[in-house]
1. Considering only residues that are among the basic types (K, R), within 15 Å of the chain's Cα centre (by Cα) and closer than 15 Å to L102 by Cβ, which ones fall in the range 31-56?
2. Would you please name the residue that is surrounded by the most Cβ atoms within 10 Å (Cβ to Cβ), looking only at residues in the range 64-119 that are under 22 Å from L46 (Cβ atoms) and β-branched (V, I, T)?
3. From A4, A8, A30, which residue is closer than 17 Å to G92 by Cα and either loosely packed, with under 10 Cβ neighbours inside 10 Å or modelled with pLDDT under 75 (or both)?
4. May I ask you to say which residue of R83, R123, R76 is in a loop (DSSP other than H, G, I, E, B) and more than 15 Å from the chain's Cα centre (by Cα)?
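The values are calculated or read from the model by the stated rules, or taken from the named source; none is laboratory data. This structure is a prediction, so every number in the text was calculated from the model and none was measured. Here the Cβ is made from the backbone with ideal geometry for all residues, glycine too, and neighbour counts use every protein chain on show.
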Amino acid sequence: GTRAEVLAHARHPYTQALLRSIPALAKRGARLAEIPRYLEAGRRRLDRLRGDGLERDHGRREELEGWIRLWDGRRRQLDGLGRVDPKVDEFGWLLEDYRVSLFAQELRGNAKASPAILKAAWRSIVD
């Protein structure tokens with residue numbers, strides 16, 4: 001579908017959470033300028049799935065989805081308690097930067113995201 005249709009009918013929990021976070025971030029003015037880069041990275045990822053790209057994408061996707069499950073579980077836990085943790089919100093944006101680094105490195109820019117950075121950020125959330 002069109003981008004508007006995809007955003008209006010987001011099914012993946014990660015996409016839903018990204019969209020839910022936009023109003024809160026707009027107040028702080030943080031990260032909104034990055035959204036076009038994230039969308040472009042997604043488009044480039046899809047373009048690369050042709051041919052042998054699907055096999056390469058699979059391993060990267062599994063790694064990213066493991067992190068997303070951790071993040072989404074914590075976010076849901078906090079939602080159930082009526083709490084918000086800015087570290088959890090920031091981790092979601094870090095996951096976006098990591099997704100770009102996995103699937104569209106040429107768009108990485110100044111964003112630094114790696115498994116080591118994700119691990120350290122996650123430890124700061126759960127400790």
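1. Within the range 31-56, R37, R43, R45 meet the criteria.
2. It comes out as V100.
3. None of the others qualify; the one that does is A30.
4. R83
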